[in-house]
Every structure is written in C-alpha cells, then in structure tokens.
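The values are calculated or read from the model by the stated rules, or taken from the named source; none is laboratory data. Fair warning: this is a prediction, and the values are worked out from it, not measured in the lab. Neighbour counts are summed over all protein chains in view; Cβ atoms, including those assigned to glycine, are modelled from backbone coordinates with ideal geometry. Heavy atoms of the whole protein, side chains included, go into the accessibility calculation; ligands, DNA and RNA do not. Shrake-Rupley method; radii C 1.70, N 1.55, O 1.52, S 1.80 Å.
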Amino acid sequence: MRAVRLSVVTAATAAAALAAVTGCSSKSDSTSDGAIKVTASDKSCEVSKTEFAAGHVQFAIENKGSKVTEVYLLFPDDRIVAERENIGPGLKQNLTAEVKAGSYEIACKPGMKGSGIRQKVTVTGGAQTPKRDPRLDAAVAAYRTYVQQQADDTLPKLKTFTDAIAAGDVEGAKKAYAPSRIGWERTEPVAESFGDIDPKTDTREDGLEKGQTWTGWHRLEKALWTDGRIGDEEKKLGVQLSTDIADWQKRVGTAEITPTSMANGAKELLDEVARNKITGEEERYSHTDLVDFKANVEGAQKAYELLKPVASKNDPALTAELDKQFAAIEAQLDKYRTDKNSYDFTSYDKVGESDRKQLSDGVNALGEPLSKLAAAVAK
Amino acid sequence: MSDSTDGGAGTQAAADGGATSSAPSRRSLLGWGGAGLALGAAAAGGAVAAVRSDGGDAVPAADTGAAVPFHGVHQAGIATAVQDRLHFAAFDVTTKDRAELVRLLKDWTAAAARMTAGQTVGEGAYGGLAEAPPDDTGEALGLKPSRLTLTIGFGPSLFAKGRFGLEGRRPEALVDIEKFPHDNLDPARSDGDLCIQACADDPQVAVHAIRNLARIAMGRAAVRWSQLGFGKTSSTTPEAQTPRNMMGFKDGTRNVSGTDTAALDQHVWVGAKDGSPWMTGGSYLVARRIRMHIEAWDRTGLQEQEDVFGRDKGEGAPVGKAKERDEPFLKAMKPDAHVRLAHPDSNAGATILRRGYSFTDGTDGLGRLDAGLFFLAYQRDVRKGFLPVQRSLARHDALNEYIQHVSSAIFAVPPGVRDKDDWWGRALFS
C-alpha cells in the first residue's frame, strides 16, 4: 500500500546480517581453527563454548541427527543475527557472524520447525550493550514468534489463492483472496519494514509511481472483481506474488523489532484502518475491507497484550482504557459477521455512512490511547 | 439568514430603550474600528481584557491578541464582542457512562481555560517524552490568545431517556425544532449531543481549540459535524461598523448590544424563574447553516435585491429612510420584505441575539460557490425568539428564493464557569 516507506535502519540491519552470513562464510572455510563447534542432533544442540569474545565469530556446525536442521544465532529478543538453513543429516556447515558483546542464544531446529533447542551464550569484550529489561525482551521475542507464525500461516492460504488464479478459477480466487491477506494485515508494520516487499505485494492502483508496474494482491483483486477474468498476465502475477510472499516469510525473522516499535506498530495498524479501511479505499473492488480491519485490530491487540505487563505497571489507567477500547471495537466489528469464528464479514459497500462513522469513532477511541503505549513502555 | 440578516436587527426594537439612548456616545466611536470594539466590550463588564488603548484604527483586532476571561456568571462567546473567525463543532457523546461524560466535561473545562488564556493544553506541544505524542497539537504556538472564546451547549438528545439520567432535567425551552417549509436539512450535519462554539480573531486559534477538544474527547465523544466561519455577520457592539453578509448587505444593524444588560436580561439570559434552575444565567442557541444561491442572487437586479431586504445596499437604510440606523417604517416595505417580516413588531416583540458568520466551503460539484450564512442566535426562550420569527420567514420571506436552510441544531447553553473549581455543566450534573 504505502508505496515506499523504507525503514532505513531496518533495511541496513537486515542487509548487514545477510552480508555477515553470505559474505563472510566463504572466508570461514579456511580458518576453521578456533571455530565454535555446534553439534546438532534430533534432540540436542551442543555448543563447545558458551562464552567467547566479540568480533568475527565462526561456528562449525555438524548435523549428527536424522533430520534436516537449521542453526540460528539469536539476539535476546529472538532477532536473527545469523542463520544457516537446510543442513542435511551428516553434513557440516560453517557460519560466520560479526557479533557484539552481549547475551545471545543459539538455536538448532531439527526438522526446521518450532522455536528450536536453545543454548544461551555470552559474548564478551568491547562495548557492552545497554542493560535490557528481560520482560520486554520476552515480549519482543514472543511478538517475533507471532510475526513469523503469521507469515508461515500465510503461505498455504496464499497458495489456495494463487492456485485458483493459475487454474483460471475466478470464483475460487475471489473466495481465497481476503483470507490470503489476513496474516499480512495482522503484521503489516513489520512487513512494511522491508521496504522492497510491500510495494510489490500490497500497492493500490493510486499508489503507483510513474513507470512502476502494478503487481500484487490489489492488481489481482481488480482483475477478479472488475474484469471478472484471469488471463496469462494475471497467472504470471500470481506466481510472482507467491515468490514475493515467500521472500517475506523468509526474511521476517530478521526484522528490527523493539518494544517501542511494537507499540508504535500497533498504533500504525489502527492508523492504517483509519486511513484506508474506513473509507473503503483499500479493498475498493472486493469490498473486503472489514476482513483487513479485523486483522489490523488483531495484530495491534497482540502487540499490546504482550507489552501490557510492563505498560500496566507504568500506566494502569492507560491499559484499563485500552482494554476497554479493544473490547469495544471488537464488539462493533462482530456486528458485521454472523459467525464470530469466521472472517465472513459484511461487504463494505453495504455498510452505510452512519455505520462507517461509528466504526471511525471506534477506531479513534482506540487509536488515541494506543498512541500513548510506546511512552508507557519506554518510561 | 432570515432573521440573521436584518430581521433580528429590528427584533431588538422592543427592548431598544437602553441601547438607543446610549447610542450617541458610542456613535462617536464609529470608525474607530478595534478601539470601538474594545470600549464597547469593556463596558460590558470587563468581559474583554484591554484590547488596545492607543486607538489606532489601522490595527485589526486580531493583532491585539488579548485574552477574554474564561470564568464568569455567563459563558464568554455570547454577549462578549464578536470575533472575526469561527469554528463550531457538534459532538455525539459515544460513552454510555455518565461518570465518563462528567470527566470529559471537566477535562474540557480545564483545557478550555488554558487555551482561552493563550496557553497550551496539558504539558504542551514539545519537550515531553520522545516516544509520546505531545499533549498539545502545537499549531497555535506563538500565536496570541486572539480573544478566543469557547462556549459549550447541550443538545436535546443528551437528555433522552435511558442515556445519562437527565430526562427529568431537560428544559421545556429546549424544544425540538420543527421542520419549516423549504428546509432541506442534512441530518449528518444537524443536531448533536454537545456543541462547542470557538470564536477567535485568528482562524488558526479557533481551529486549534476545536481540534484539541475533539482529541481530548476521543472515546467519549466524537465530532458529528463542524463548520468554519469568517466575517462575522452581526455584532454585539452596535457602535462598530455593521458587517455585510455574503449577499453584500449590512447585517445585524440592530442586534442586541453586549453592553445592554437590560435587554440581555430580558431576551438572552435565562432567569431563575424560567423553569430550569440549572440554566439560570445560560441561554438557548439555535444554529442553522443557510446556503445562499449566490449565482442567482448575483444575477438579480439591484432594485429587487433591495426590495427583498427592505434596505438599500449602499447605506443600509430602511426603505424611505436615509441612515442605516433610522427607525424602519415597515409599511413602506414590500409585504414579503425580509426586514419587515423579521421585525419584532411583526412577531410580537420576538428578540434574539445573533452571532452568525459567513461561510464559504469552496464550491459544490457543479462549480457553484458553497457559501452562505452560519446563523447562530442566542435567546432566553426559543419559543419566543427564533421559532415565531422563522415561522413567519419560512412562509413568506422573499429571500427564500435565494437561500436554503440545510442544517439545524438547538442547544441549551449553560451559565458560565465561575472559578477554577467549577466546570461546564456542573449545575446540570450535580
């Protein structure tokens, strides 16, 4: 949607992390002396040294298990410092990373699933990273898991959509369209932090820059609802959307997430609703705006719930208000679906002006206190 | 526009004694511009803190930047000197909780007291926590108080049964306004549970005030509609120049004067024996957005324009008279002339205090200027003020060919906030 809102810091960090993985791993082959051995099996993840000096750190990984595994070096909030995927049984791999002093975890993921078998490590020397609040680290780590989960869950739902596109099945694609977006909409601020993915997947027609080719969900939305047909061009776009979303799913773990960015991300999700969903601009062809609306609110609520233990200590009046307003907006949204477990919402073109006004008032009522959450967390 | 234009002007006649007798002394101030305003208002009981005393008529009132006292027996913004700009907003109360509504009124009162004094809301627009949005939105930083007044009103819907337990306290005078012939009211910008009238000499100051109050209200009350106004169309300081409306006619020649305490007590302020003790010292406000068919009006011959109003366009004198302020001879006017129909003599002495503003909201989709009068009238009892006058106008006024009422609202405007422990609506909710 927003064409390019590149978070420079995030992009730079992600790029640096990638460079650390790719650029340096070739060098590490020749200097495997002094490397830290990580021995993975199906049930264990042994690290030869749990304390080592900051700088260029090399890991010599060996998979002694029977499953394909992957090994991660993680910040305390689960952000990925470096990773090596697809290590088959019996294989050895090297991983090098530029690591600053601080606390980290090494995770082996046999079967490449779940949060892995964890081992705490300490990196010493150099400038110490500032003292961190473990409650907030836990909140960020849990949110990171949520974000990853949303991305993981999106792939099969997107596949249903793009398979229908590939088969030229207009009705099937229409049905699968909104569900394929829920995971993305729940975690949009994180998705948008990768400046290059959002413009390819979630740009609206009016958001295009001169010379930019229109790709992604909304381009297909228009084809399905306005033109009612799937041509070769659309089939190609479906394949591209799959590729772009898979890219997002792969990179989402490297996103820079902090307690305040979580709080502000929650606020941004509400801003998103206020800006594009209330007006019906976002899903102007399919009118599935209320599905996005619900997903945005859910994503904001997730971030809020994770930060609440800290926020409620610093500003109990604020969290009381937020609890109330989240409940109120949910109740309001529930009026537009008959089954509270489904995402079959009323088509937004059937929602009258006065009802839109009420929804808008509800969004403002939640968005205003939500804008104070970051301060309550940072206090 | 109806009574607003000139009708209300004449309306004053019945209680005119005081105003007319003191007129000569004030008349001498005519042409002094801001200085005249200041004197008039000061005489009103110090309502306006010293504006400018150097008498420079080249200095627009906005540059004087004075603060109007917020506390007093009556709310500022009714009888106090009319400022140049308006932002009027009507709100729907979204909370169902009476205690929250009371909390909102207290929060609003505190913010209003600060803003009218030229101060920022809360902890200001900068310098606070980096992660938090500032309390004040900041666009009025560095601007003077600009005579900002903030005036609150309570609409009939606030008193509805089952809402806040106020059904027994709805004043009889807070009537539901009937639909008049030719009304084309848009419900989306009519009515409201609450209203705030923000008047200031600087539009940015008025807009800032409404914006901040709306923000404070979020979750408790939401803006239902709002209207910007410029170029006051009537004045509570009759010694000052009579402003012209968008039709080019002088408007409000004989409005109730803000200094005429006898007329104010008789026609504007609610008395202790009027039936709703909590309203004593308050007033009733009728707000009407009156769209003018500007292009049609501009193609109308001068004679017809003057016949429609019953005054001449240059001087503003009533038909057959030489000066604007000459007593009108109604029978000399056409039977459907606006001034004749709106005059108190045609309406059993009905008198209102008008405080309307011109508005221009750009153009409509057809390229027509979306302009007119945002009519605001205060009175002690709407049943004896606005209603009889408008009934007469709606049926017969020649002006109806050139105007259309497109929104309507009525509010009970409570008395003033007495001191820093008092708050808007305390008498109603206590």
- Note on the structure: Counting only protein heavy atoms and rolling a 1.4 Å probe, one gets per residue an accessible area for region A:133-191 in Å² of 37 Å²
- Task: Relative to the longest principal axis of the C-alpha atoms of chain A, give the angle of the C-alpha long axis of helix A:289-314, reported between 0 and 90° and rounded to the nearest 10°.
- Result: 50 degrees
- Can you pull the percent of region B:323-393's accessible area that's carbon plus sulfur, 1.4 Å probe, other chains left in place? 51 percent
- Message: Would region A:242-379 count as rounded, prolate or oblate if I go by the C-alpha gyration tensor, calling it rounded below 1.5 in a/c and otherwise prolate when a/b exceeds b/c, oblate otherwise?
- Response: oblate
- Message: Counting only other chains, and only Cβ atoms inside 10 Å, what mean value do you get across the residues of B:365-371?
- Response: 0
- How many Cβ atoms of partner chains, on average, are near each residue of B:216-228 if near means within 10 Å of its Cβ? 3
- Item | Rg/Rh for the protein assembly as shown, where both radii come from Cα atoms and Rh is the Kirkwood radius | 1.11
- For region A:49-56, Karplus-derived ³J(HN,Hα) couplings (6.51, -1.76, 1.60; θ = phi - 60°; whole Hz; x for glycine and proline) come out as 9, 9, 9, 8, 7, 5, x, 6
- Task: Please give the net charge around A:Glu85, taking every other residue with its beta carbon less than 10 angstrom from that of A:Glu85, where Lys and Arg add +1 and Asp and Glu add -1.
- Result: +1
- Could you please state how large a percent of the accessible area of region B:83-171 is carbon and sulfur, counting protein chains only and using a 1.4 Å probe? 50 percent
- Proximal charge balance of B:Gly416 [Cβ under 14 Å; K/R count +1, D/E count -1]: 0
- The relative contact order of region B:113-223, taking Cα pairs under 8 Å that sit 6 or more residues apart, comes to a percentage of 29 percent
- Message: Just to confirm the filter: which trypsin sites (Lys or Arg not before Pro) across region B:172-261 are DSSP coil and have at most 14 other Cβ within 10 angstrom of their Cβ?
- Response: B:Lys179
- Task: For region B:98-144 and region B:313-337, write down the distance between their C-alpha centroids in whole Å.
- Result: 48 Å
- Task: Identify the trypsin sites (Lys or Arg not before Pro) of region A:205-292 meeting these criteria: DSSP loop state and at most 10 other C-beta atoms within 10 Å of the C-beta.
- Result: A:Lys210, A:Arg229
- Query: Okay, which of region B:276-317 sit inside 19 Å, backbone N to the point 7 Å along the Cα-Cβ direction of B:Glu401?
  - Reply: B:291-313
- Item | chain B, relative contact order in percent, only Cα pairs under 8 angstrom and at least six apart counted | 27 percent
- Task: Report the relative contact order of chain A, percent, no decimals, based on alpha-carbon pairs under 8 angstrom and at least 6 residues apart.
- Result: 15 percent
- Cut-off of 10 Å, at most 14 other beta carbons, DSSP loop: longest stretch of chain B lacking such GluC sites (Glu not before Pro): B:179-314
- Message: Helix-only mean residue ellipticity at 222 nm, the protein assembly as shown, DSSP H runs n ≥ 4 weighted -39,500 (n - 2.57), per residue, nearest 500. What is it?
- Response: -11000 deg cm²/dmol
- Projecting the Cα atoms of A:Ala40, B:Ser235, A:Trp248 onto the charge dipole of the protein assembly as shown, where Lys and Arg contribute +1 and Asp and Glu -1 at Cβ, the residue farthest towards the positive end is A:Ala40
- Query: Roughly how many Å is it from the Cα centre of region A:314-360 to that of region A:96-165, as a whole number?
  - Reply: 31 Å
